[in-house]
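A quick write-up on the structure given underneath.
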Amino acid sequence: MTAIPFLRPQLPSLAAIAPYYRLAEEARFFSNGGPCERLLRAALSDHLGGVGTVPVNNATSGLIVAIKAVLDAHGTGDRPYVVMPSYTFVATAGAARIMGLQPLFIDVEPDSWQMDADALADVLDTFPGQVAAVLGTHTFGLPASAATQQRWKQLCADAGVPLVVDAAAGFGGLDDTGARSGRDTVPHVYSFHATKTFAIGEGGLITTLDEDLLQRIEALHSFGFAQGRLATYAGINAKMDELHAATALAALDSFDTVLARRREIAQTYRERLEPFGFRFQTGNAGGTWQAGYVSAPDAATRTAVLAVAAGRQIGVTAYYERPVHRHPAYAGSPVHGPLTVTDDLAARALALPMANDLSADEVDRVIDVTVEAARTAAQATAGSGVAAV
Ligand SMILES: *Cc1c(COP(=O)(O)O)cnc(C)c1O
């Protein structure tokens, strides 16, 4: 039996990239908004139904740029906290901390795994005038429901606090009403990292429908240049170069196929694992499926699945196994509430293998090993129960 790795990243072939990259070669223009970058902005905007787009060199620098833009626009930069869920990737918190702000962690909802709007209301009430921004997320690349997104926006607007969404894994994501992620005044930040579903190596995108923010983001991602080479703001260099823009244009050409295949694999995982007590995020049909995210019925089953899969060389991992507030770098950051749901999800989280070309046979093997481990764990639990009586 051959091994099944956790992920098997696949970028567009050189042959698919070449016709785009040739435009840059012909123009002798390799960054600072060359022909591929300009084409990409337009193509991504079209894809999202018309929205301002700023390609960036990765999502983490995109988050720094987007956070800086909203702080400047709202004048909240002297406040200490950025509210965010702890059930996310460390880059969400890193982007705030590198700017001298403190993450203030809140819980997620048990079924959607998304930032809890009640917890957000409570933290904004508890820390009036102290929250610089709220950093919502697309947990595992899935947008929160339309109603939840609307509540986040309303709560932030009422508190006078700007909102940014770390939608890193969520390019192509749909919410429960079928609306595409990113077509919003709220800036959304995406990653095009090699391991994401829209994969180009290193890269990302910021979107917003807010013209003022768009201009700030544009300037801040290019040294703060708002007019020619005059530094109006203190910016960074987060620009996407032409080779990555060419790769992204090629990736967009096959993106619908890639996304459809991953959703099909995810649906098979869902149909065949739900009967055994495994749980998937609510609203997950619109997910982007960077991996097969699922929650085991209990921690013992998670442990069993990881052990049995490892023995068969099947790359099942635990993700997010460690919430951000439990990483050493963020252990001193404030937490609002006990984060019970976060800790519970972290103890049961699994990520099943995913790839554009994961075969039906490989999908079967992943499911079989997961079900077998779950049965063994259930028998062990029943057995120990009998022994205890
Ligand atoms: C992948 C990811 C990032 C980081 O993206 P990069 O492009 O690698 O910087 C940030 N936040 C979340 C939630 C992610 O999943």
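Scan segment 13-23 and give yes if some residue there is in a helix (DSSP H, G or I), farther than 23 Å from residue 173 by Cα and under 21 Å from the mean Cα position of the chain (by Cα), otherwise no. No, there is no match, as no residue in segment 13-23 is in a helix (DSSP H, G or I), farther than 23 Å from residue 173 by Cα and under 21 Å from the mean Cα position of the chain (by Cα).
None of 236, 217, 265 is within 19 Å of residue 10 (Cβ to Cβ) and of a type in the set (Val, Ile, Thr) except 265. Among the residues making up segment 312-342, those that are among the polar types (S, T, N, Q) and farther than 29 Å from residue 80 by Cβ are 313, 317. Only one of (1) hydrophobic (A, V, I, L, M, F, W, C); (2) in contact with a strand residue (DSSP E or B) (Cβ under 8 Å, 6 or more places away or on another chain); (3) buried (at least 17 other Cβ atoms within 10 Å of the Cβ); (4) within 26 Å of residue 116 (Cβ to Cβ) fails for residue 285. Which number is that? Looking at each condition in turn, residue 285 falls short on (3).
Considering only segment 150-174, how many residues are among the aliphatic types (A, V, I, L, M), within 16 Å of the ligand (Cβ to nearest atom) and in contact (Cβ under 8 Å) with a residue 60 or more places away in the chain? Of the residues in segment 150-174, 4 are among the aliphatic types (A, V, I, L, M), within 16 Å of the ligand (Cβ to nearest atom) and in contact (Cβ under 8 Å) with a residue 60 or more places away in the chain. Of the candidates 260, 179, 251, 194, the single residue that is surrounded by 18 or more Cβ atoms within 10 Å (Cβ to Cβ), at pLDDT 95 or above and within 30 Å of residue 363 (Cβ to Cβ) is 251. Among the residues of segment 80-94, just one is near the ligand (Cβ under 8 Å from one of its atoms) and within 16 Å of residue 131 (Cβ to Cβ), namely 92.
The sole residue among 61, 45 that is within 16 Å of the ligand (Cβ to nearest atom) and in the same structural domain as residue 173 (by the TED database) is 61. Within segment 1-32, the set of residues being surrounded by 13 or more Cβ atoms within 10 Å (Cβ to Cβ), in contact (Cβ under 8 Å) with a residue 40 or more places away in the chain and more than 30 Å from residue 289 (Cα to Cα) comprises 23, 24, 29, 30, 31.
The values are calculated or read from the model by the stated rules, or taken from the named source; none is laboratory data. Not measured: the values here are computed from a predicted model. Quick reminder, even Gly has a Cβ in these numbers, built from the backbone with ideal geometry, and neighbours come from all protein chains shown.
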